[in-house]
Amino acid sequence: MDTLDLANTISEPIGTVGMSFYFSPQAIAQSESLKLDVVTFYAGGRGGVLGDIDAVEVDRIFYFFKTGMVATMVKKARVGADRDATVTKHLEAANDYASATFGGIELKIFQGFSAAAKALAATLPAGRWPIVDGYLAQSVPADPIHEAYYWSIVLRELRGGVHIDAVIAAGLSGAEACQFDRGGIYFGLHGYGDEDRVEETEELLARRIAAEDDTSARMATLLEVLNDTQRDALAAGAVALHEAIASPVPSS
């Protein structure tokens, strides 16, 4: 499998899998243990891996959200709970979700996927994609199911960071990128309203499509460090994890 095919093959599965724990029953349970609502918990956890930085800076890094939305949630999370505790619970929610979902996947698939993802992560430049750096600074889980899910989160953040680079290179704002992505399903969820909409033009749509293609091309370049066996393992793991979400099997 060439790296562009691999980038496209894992894009949707990893994009879905890596975010599936955010508002899951497991995340709700962990958020309640901190007396936070699950949305605030999401911002405090995912934003918390960035470290002790200003909420406005967290807001800037979350490029696809309306300016100020994430900062408000992060500030609320920090008032409600200690940042380190929130990050710990955020990662525990990911582990809990993985345990409840991926028990039907063979161990060798987890192992191959994790080994390939780890090999890729070892070659990534530090300081380029802050959220990737934030998750990589956390402890890698020992349990193979938890580890594979951890790497799916890292890979999702990697594609997301690369996508921000491509969107900016295409001259698109976060609002424009959301408006013309998948029928705008994330537009409202990311805090935008009718006042943020722009006129749909062929030129804007072409730039949005080009940004997606550029994202895959940039990912393909990063994936070139993997050998054929690793590429196949990464694809197999991403597909298996994605398929498991539709028919979750708890681990024993």
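Here are the numbers for this structure:
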{"quantity": "Tabulated pairs, region 53-67, first farther than 13 Å from Phe187 by Cα, second crowded, with 19+ Cβ neighbours inside 10 Å and among the aromatic types (Phe, Trp, Tyr), C-beta under 8 angstrom, 6+ apart or interchain", "calculated": "Asp59/Phe65"}
{"quantity": "Cross-chain or 6+ apart pairs with Cβ under 8 Å, region 4-18 first and more than 14 Å from Val162 (Cα to Cα), then of a type outside the set (D, E, K, R) and modelled with pLDDT under 95", "calculated": "Thr9/Met1"}
{"quantity": "Output for region 85-113, where each listed residue is hydrophobic (A, V, I, L, M, F, W, C) and within 20 Å of the chain's Cα centre (by Cα)", "calculated": "Val87, Leu91, Ala93, Ala94, Ala98, Ala100, Phe102, Phe110, Phe113"}
{"quantity": "Residue within region 243-252 that is modelled with pLDDT of 95 or more, of a type in the set (Val, Ile, Thr) and under 28 Å from Ala126 (Cα atoms) present", "calculated": "no"}
{"quantity": "Matching residues in region 201-252 - criterion: being among the polar types (S, T, N, Q) and part of a loop (DSSP other than H, G, I, E, B)", "calculated": "Thr201, Asn227, Ser247, Ser251, Ser252"}
{"quantity": "Only one of Phe62, Phe41 that is in contact with a helix residue (DSSP H, G or I) (Cβ under 8 Å, 6 or more places away or on another chain) and under 22 Å from Gln179 (Cα atoms)", "calculated": "Phe62"}
{"quantity": "Qualifying residue in region 77-84 (condition: closer than 23 Å to Arg159 by Cβ, modelled with pLDDT of 95 or more and either under 18 Å from the mean Cα position of the chain (by Cα) or not β-branched (Val, Ile, Thr) (or both))", "calculated": "no"}
{"quantity": "Subset of region 19-36 (residues that are surrounded by fewer than 15 Cβ atoms within 10 Å (Cβ to Cβ) and outside any helix (DSSP H, G or I))", "calculated": "Lys35"}
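The values are calculated or read from the model by the stated rules, or taken from the named source; none is laboratory data. As the structure is a computational prediction, the values presented were derived from the model and not from experiment. Glycine also receives a Cβ, built like all others from the backbone with ideal geometry; neighbour counts cover every protein chain displayed.
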